[in-house]
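Single-structure report; data block below.
The numbers here are math on the coordinates, done by the rules we state, and not lab data. Quick caveat: nothing in here was measured; it's all calculated off a predicted structure. Ideal geometry is used to build each Cβ from the backbone, glycine not excepted, and the neighbour counts take in all protein chains shown.
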Amino acid sequence: MEVAASETGVILPPGVHEGRIQGTPGAGERVIIDNRTDLPDDVVEGAVMDHFVESASMAWGNPTTFQTYAGGGGSMLARRSFITPANVIDEIKLARNMAERDDDVGSCIGQALALALGDGMEHQHKDEKTKAIFDVIAREADMDATLAELYRELLISSQINTAVLFTRETIDYTLYGSDRTLHQSVAMPLIGVIPAEQIRVIGNDMFGTATLAYEPDDERLRRWLDEFFDPSTSAARKHAMALEDRVAANMFTGIVQMSALDQDIPPVTWGRLYTLNPRMVQRSTFPKGSWKYPRPLMTRDFALLEAKRLLNIMDYALLQGGSNFIVVAKKGSDQRPATAGEVQNLESVVRSASRSGVIVGDHRLSFEIITPKLDELLNPAKRKMLGRKLSMAMLRLTEHDEESGGGQGVQADTEVLARVVTYDRRIVRRHVENKAYYETVKRNPNVFKQGPACIWFPKIILQGTQFFTDLILKLRDRGDIPRAWGVQVAGFDWDAAVQQRKREVESGDDEVMQPGAVPHSSPNAPAPGQPAPGPQDNGPGRPPGSRDGQGRGQLQRPTRVIQRNAGETVRAWYEDEAEMVVRMGESTEAVLEQYPDRSIGRVTGTERNALALTEVAQIGATIYVPVNPEYETINEKAVRLGNGLSMIVGERRTDSAIVAKVIGFREPEFDETAAENFCVRWGFPTRKPEPDPDPAVD
C-alpha cells in the first residue's frame, strides 16, 4: 500500500490529506481529511471550512462561540446548565445574575419600578419648616434614585441592607409664600445599599435584633480591616487609618472568626466576618418567620431556568440548521426515465455549472432544494409561557384557569398587581422613614422638634381611573382633602399651579375660563325613575334646579352652601332653562317660593331711603325692617309679595348672589309685632353680630 509522510511525521494512507487551518495557532491547528471523492483536496478542505465549521470546529481546535457557551460559559442565547444553589447566599447571587441578564426578569423589575416610583414622591408634615428642610435633604441625597435602588434590591434579594452616613451641611430653603431664603445647618443622611449576599446574620433574629456581619469582596478592604482590628495595632496607627477611611472606621465594629459562628451560617471566602455598626447599618425584609434570611422571590423561578436554557439551545440549533440545504438535480420523467449515461452527464454538468451558474437541459430536468423543518423555530407560545411564569412568580400573581383567564382574569391581575407594588413600596418607605429619617431627627433635635416628615407616593391606579377621579372630585368638593392634594393627584405641581393662578389674577385674566359655582360630580346620572344619589353624593352631574314643591319644607333642589356668616346662608344651583348658575340667599329663596304670585317692580324713593336704615323704622304707613346688614348690594329691585308685603332684594357685590335687604310691612295688614314674627320665622338676620369681648379685659 502506498503511503505518504505528513509534515508532522505521521504516515498517511493514500487519499488522506493533511489540512491546515489558517490563523489558528496552537497544537490543534492540523486535521486529517480522508478525501475519497474525485474533487481536488483544496476544494474539500474549503468546503469543510466554509460549510461545516460549526460541527467540525472542535476537531479543528477552534471551538465556536456557541460551543463555548454550551460548555458552561453562558450567553444571551445559551446559558450555562442550571445548578441548584447550595444555600441562600448562592440563591441571592443567582437571582442577581438573573436580574441583570434575563430579559423576562429584567423587564419585570423595570415594570415594578415604573409602577411604584414613576410618579415620584413628596414629603408631608404639619410643620412647614420641617417639610421644606426634608425636601432639600431629599434633593441633595437624590432620594428618587435611592428609592429605586432600594426597591430593586428588595425584588432581587427580598431584603434591604442600607448604610446611612450623615454629613453636616448648611442648606438654603424657602417657606411657602415667602421670598426670603433661610439657612439652616443640619446633619444630612446619605443612604447606600449593601448587596445582600455580603451580609451574614449572627445569632437569633426572631425579633429582628440579630447582629449583622459583612463579608468583603475587596482584598484591599479586607486587609485594611484585619490591620485595623488587630490587637497589636497601635492606637496612633488606628487613628491614622481612621482618618484615611472614616466610613469604614465607623461602619465596622470588630472581627468574628468562623469557628465562633453557628453552623447554619453560609460559608465565607476568607474564614472570618466583620460586624457592622447597628446605628449605621439597618435591615428590612419580606416576611420570613423565624429564619435568618428571607428566600429571594426568584427562588421559585430557578426551576424554569433549565427549560429556558434548553429552549434557547433548540432555537439556536434550528437557526444554525436553517441556513443549510441540499440541492437535488433530477433528470427524466415517469413516461421517459433517464438513462445511466444521462445521469452521469448531469453530474458533470451540475459540477461545472456550480461555478458558472449556467445550465442547459430539456423539460425533463428539474431541481429540488431540501431545507430543515423550522416549524418550532422561535415558538412564541413556549416563550410567552416561560416569560409569563417568570414574571408572575416575581409579582406574586397566580395562574388562571381557562374559564377565568379572559377579561375578568386580566382585571383581577391588574388589581392584584397594583396592591402588590403598593405593599412593596410601603416596605421601602418605612425603611427610609424608620432607619434614616428618625435618625436624622435624633441628630438634629433643635431643628426638627415635631418629628420627621413622612414620604407620600401617589396612589397606583391601573384601572378604574374614572371612579378614582370621581372620588377625588367628591372629596375636594366636600372640603375633605386639601386643594394641593387634588391638584397633585391629577399629576400637576401644586407650587407651579399656585404661581400660575397668581399670574392670571394679576394680569386681569381672572374671569377667563371661570369655573362653575356648582362642583362637577359623577357623570353616571340615574336612569329615569331611579332614585337620586344619597345626600353625601354630588348628584347626577350638575343639579337641575327644578322646583318640585312649594314652601321651604318641601324644597327638593340640590344646592351647595357658598358662605356662612352673619348674613343668611347663600346657596347656588344650576338652572337648566336659563343655562346659568343662580346664587341666592336661603331665606330669600324660601320667601319667594312661598309667594308664587309675586311681581317685580321698581324701587320707590321711600324704599330707596329705607335701604340706608340700620334699625326697624316706620315711614308713613309702612314698617321697614332692614335685614342682612353685613351684605352690600347693588341693582336693587322691589318684589311685591301681596297683601301689604314687599321685599327689596339686591345682588351681593362680592358674587352677585340675590339676597333680601329690606322687608316692608304695610298697615293695616301688618303691625310691628307681625313684622317681627315674619322675620324671625324665616330666619332673617336683622342686626350685626356683637364683637367678641377682649379676653384681656376683665
Q. Relative contact order of region 85-205: what whole-number percent is it, with Cα pairs under 8 angstrom and at least 6 residues apart?
A. 25 percent
(Q) Suppose a student asked you for the relative contact order of region 552-682, using Cα pairs under 8 Å spaced at least 6 residues apart; what percent would you report? (A) 21 percent
(Q) Taking the alpha-carbon distance from residue 126 and a cut-off under 23 Å, which lysines remain once sequence neighbours fewer than 8 residues away in the same chain are dropped? (A) 435, 442, 449, 459
(Q) Can you tell me the mean projection area, over all orientations, of the convex hull of region 215-296's alpha carbons? Units nm², please. (A) 6.8 nm²
Q: Output the peptides 672-681, 288-297 sorted from most to least packed, where packing is the average of other Cβ atoms within 10 Å over each peptide's residues.
A: 288-297, 672-681
**Q.** Gyration tensor verdict on region 610-651 (Cα atoms; rounded if a/c is under 1.5, prolate if a/b is larger than b/c, oblate otherwise)
**A.** oblate
Q: Please label the shape of region 155-302 as rounded, prolate or oblate, based on the square roots a ≥ b ≥ c of the eigenvalues of the alpha-carbon gyration tensor (a/c under 1.5 means rounded; beyond that, a/b larger than b/c means prolate, else oblate).
A: oblate
Q.
Once you keep just the Cα pairs under 8 angstrom separated by 6 or more residues, what percentage relative contact order results for region 371-484?
A. 19 percent
Q. Debye sum, Cα scatterers, region 552-682, no solvent: what log₁₀ I/I(0) at q = 0.09, 0.17, 0.21 1/Å?
A. -0.25, -0.91, -1.37
Q.
For the ranges 423-433, 198-208, what's the packing order if you count other beta-carbon atoms within 10 Å of each residue, average per peptide, and put the highest first?
A. 423-433, 198-208
Q: Step through the table entries 308/389; 93/288; 288/308, compare each Cα-Cα distance with 22 Å, and write down the pairs that go over it.
A: 288/308
Q) What shape does region 283-435 have by the C-alpha gyration tensor, where a ≥ b ≥ c are the square roots of the eigenvalues, rounded means a/c under 1.5, and otherwise prolate means a/b greater than b/c and oblate the rest? A) prolate
**Q.** Peptides ranked, highest mean first, by Cβ atoms within 10 Å: ranges 112-120, 467-475
**A.** 112-120, 467-475
Q) Kirkwood hydrodynamic radius for region 111-235: how many Å is it when counted over pairs of different Cα atoms? A) 18.1 Å
